[in-house]
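Below is one structure; the comments refer to it alone.
The values are calculated or read from the model by the stated rules, or taken from the named source; none is laboratory data. It should be emphasised that the depicted structure is a prediction, and the values quoted were computed from it without experimental measurement. Ideal geometry is used to build each Cβ from the backbone, glycine not excepted, and the neighbour counts take in all protein chains shown.
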Amino acid sequence: MGASTNQKPTAPVVVGIDGSASALRAAEWAVDEAISRDAALRLIHVIEPGSEAVRLETEYAEIQHHHREDRSMTSNLSSHHRVTIDSIFTHPAGANVEWHRVLSLLESVGTVTEQHNGKLTVTLGPETEVFEPPRGKDVSQQLMVDLRRMLTHAGFAPSGDAPLADTRKRDHGDGQWGAPD
């Protein structure tokens, strides 16, 4: 019989650090120990609530969260939506980009609400626009310009530029105004 593949994973090497010289020596020992055991290494450091380190860590976590959201939004687009985005950015404004494809894309990447007058309120990233659906099958030149701007600001441009941060103040419904969630 061959070697067993049901081996228990090696427990991680865990060491606490506090910035002292002895903690640094313990961390160096832990690195060597983890390498020799082919184990994970976990360095533990406690920081005081309210400290600058906590604020920076929270800010970093939020940036990472938004970055993951941005990547996942782009990667979750269907091939039809990718083709539509490519058409919006490569065709001359107003040239043969069908409204039903644009509407499907907007519903996938943003929020689309139909108003009582037939117009559509579209929120995409940091922007909200009201669009009147075209009478024909293709989008207008102005709608194409608006779509390019909104998609770019939301991070869907072919250039891969990061989305703009939404910094508008909002009424949270309780009389309090603040930054977006």
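Quick check on this structure: which one of ARG101, ARG149 is part of a helix (DSSP H, G or I) and at pLDDT 90 or above? Spell out how you get there, then give the answer.
Details: ARG149 fails: at pLDDT 90 or above.
Only one candidate passes the filter, namely ARG101.
Checked against (1) in contact with a strand residue (DSSP E or B) (Cβ under 9 Å, 6 or more places away or on another chain); (2) modelled with pLDDT under 85; (3) within 30 Å of LEU103 (Cβ to Cβ), THR84 passes all but a single condition, namely (2).
Scanning segment 1-57 for residues that are among the acidic types (Asp, Glu), at pLDDT 85 or above, surrounded by 10 or more Cβ atoms within 10 Å (Cβ to Cβ) and out of contact with any strand residue (DSSP E or B) (no Cβ under 7 Å at 6 or more places or on another chain) yields GLU28, ASP32. Based on what the data block shows, is GLU132 surrounded by 11 or more Cβ atoms within 10 Å (Cβ to Cβ) and either over 18 Å from PHE156 (Cβ atoms) or of a type outside the set (Phe, Trp, Tyr) (or both)? Yes, satisfied.
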